[in-house]
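Let me begin by presenting the structure, written as structure tokens, before commenting on it.
What follows is calculated from the coordinates using simple rules that are stated; it is not laboratory data. What you are looking at is a predicted structure, and each value in this text was computed from that prediction instead of being measured. Please note: Cβ atoms are built from the backbone with ideal geometry, for glycine as well, and neighbour counts cover all protein chains shown.
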Amino acid sequence: MSESRPSGALLSSRIGGLAARTALPLVVPPFAALVYPLILEAFHACVTSLMSGHAAAPALRTALAVLLLILALAMPMLALLSAFSLGEIQEPSLAQRRARAVALLAVAAPPMFVFLGVELYILKDPVPELWLWAAFWLAAAGLVVFSDSKTTIASLPGAKPARAGLRVVHGLSALGILVIFLALHLANHLTFVAGPEVYRAVMKTVRRVYRQEVLQPLLIALFLFQVGSGVYLATRASAQPMDRFRSFQIGSGVFLAAYVLGHMNSVFVFGRLYLGIDTDWSFATGAPAGLIKDAWNIRLVPHYGLGVFFVLSHLAAGARAVMLTHGVRKAYADRFLIGSATAAAGLAFVILFGMSGGRLSFALP
Ligand code: HEM
């Protein structure tokens, strides 16, 4: 009978509309994002047992805690790798296109999780955080597996590349942000390793620049423009297949869009309006509990660390694109991006080290 129901074995080898073999790689990013908070919880459980002083096999537990933290930092990178391979498919199916969009979104899981936590805290936790988080990523995975995987689409109907002018303005605005604020802000964070007094003194000085009556609204406007234009450019560019370097530019941009909105929400709405506090050292480092030992604050480690890494390497990805349009050899431009991203990772490590209690004084007489 041609209309007979599929056997149990056939059913179990399919997930949604896709064969299990095809579906599994596509849903790795949303499932990685789904388990991200559980990795942080496992890290916290390890640290709590170590702090109690009664942990069995403390060396093993310390190694496990380090491994879990690395895993939390690697989760967005796994999503990025998936976006790399999906971006290279010349004629993707609708399922693959959606899987790529979901993978790019999963890159932004750390700032999304911080934003969710802050909002639920302000709203006095009406719903358990993990329920909302799981529902969102399950829905994203569902969107992928129930999409058409048979018909391939060379490019999305009506999707034209964005105007070159907008890319130029996006770049100029980034340059403005870097000069007015970001270079000072990150230089300020590099002084975490020098302790609270130095950090606060530097902050007092740099605030004289970006907290000026004219500059602060301009800075916020530039950031909002950056997010809006960036999301628009990313959706336009995503309509075409691309190499890993372009995918990196888009993935880091998606992270930053979520990061900037979430971070401004934390600073302006949560810190200054809701708590009415000075958003200085204590606010940034989650004092008095600190970043590492607190169950909530631990989410700030991947959030801030990757924030620094992605903002610097996204700027480098923009510079690489400018180099290519001005005839610089691709091999050189690619090496420039790889070198800059490595330096950005080093800088992010130094900032995180200082934020988590590491001090330069260890090395001083
Ligand atoms: C380790 C990483 C970071 C930490 C710990 C951090 C922390 C902070 C703190 C404490 C403030 C309040 C500053 C003040 O009151 O004067 C702030 C403001 C801000 N941060 Fe960050 N930040 C980090 C990275 C970034 C990055 C990468 C960006 C941009 C992509 C960014 C964008 C902003 C913006 C727009 C403000 C508001 C500035 C204003 O007051 O006008 N931050 N951040």
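Annotation: PHE248 fulfils all but one of (1) in contact with a Phe, Trp or Tyr (Cβ under 8 Å, 6 or more places away or on another chain); (2) more than 22 Å from LEU224 (Cα to Cα); (3) away from the ligand (no atom under 13 Å from the Cβ); the unmet one is (2). For region 73-84, taking the residues that are without any contact (Cβ under 8 Å) to a residue 60 or more places away in the chain and surrounded by fewer than 24 Cβ atoms within 10 Å (Cβ to Cβ), the one that is farthest from VAL254 (Cα to Cα) is identified as ALA74.
Please count how many residues of region 224-239 are touching a helix residue (DSSP H, G or I) at 6+ places or on another chain (Cβ under 7 Å) and over 15 Å from GLY171 (Cβ atoms). Within region 224-239, residues that are touching a helix residue (DSSP H, G or I) at 6+ places or on another chain (Cβ under 7 Å) and over 15 Å from GLY171 (Cβ atoms) number 2. The set of residues in region 262-273 that are aliphatic (A, V, I, L, M) and near the ligand (Cβ under 10 Å from one of its atoms) comprises MET264, VAL267. Among the residues of region 274-295, those that are away from the ligand (no atom under 11 Å from the Cβ), part of a loop (DSSP other than H, G, I, E, B) and either among the aliphatic types (A, V, I, L, M) or closer than 16 Å to HIS185 by Cβ (or both) comprise ALA287, ALA289, ILE292, ALA295. Scan region 96-113 for residues that are surrounded by fewer than 24 Cβ atoms within 10 Å (Cβ to Cβ) and in contact with a Lys or Arg (Cβ under 9 Å, 6 or more places away or on another chain) and the total you get is 1.
Filtering VAL322, VAL301, VAL311 for residues that are among the β-branched types (Val, Ile, Thr) and more than 22 Å from the chain's Cα centre (by Cα) leaves a single hit, VAL322. Of all the criteria given as (1) surrounded by fewer than 16 Cβ atoms within 10 Å (Cβ to Cβ); (2) over 26 Å from ALA187 (Cβ atoms); (3) of a type outside the set (Ser, Thr, Tyr), the one not satisfied by ALA237 is (1).
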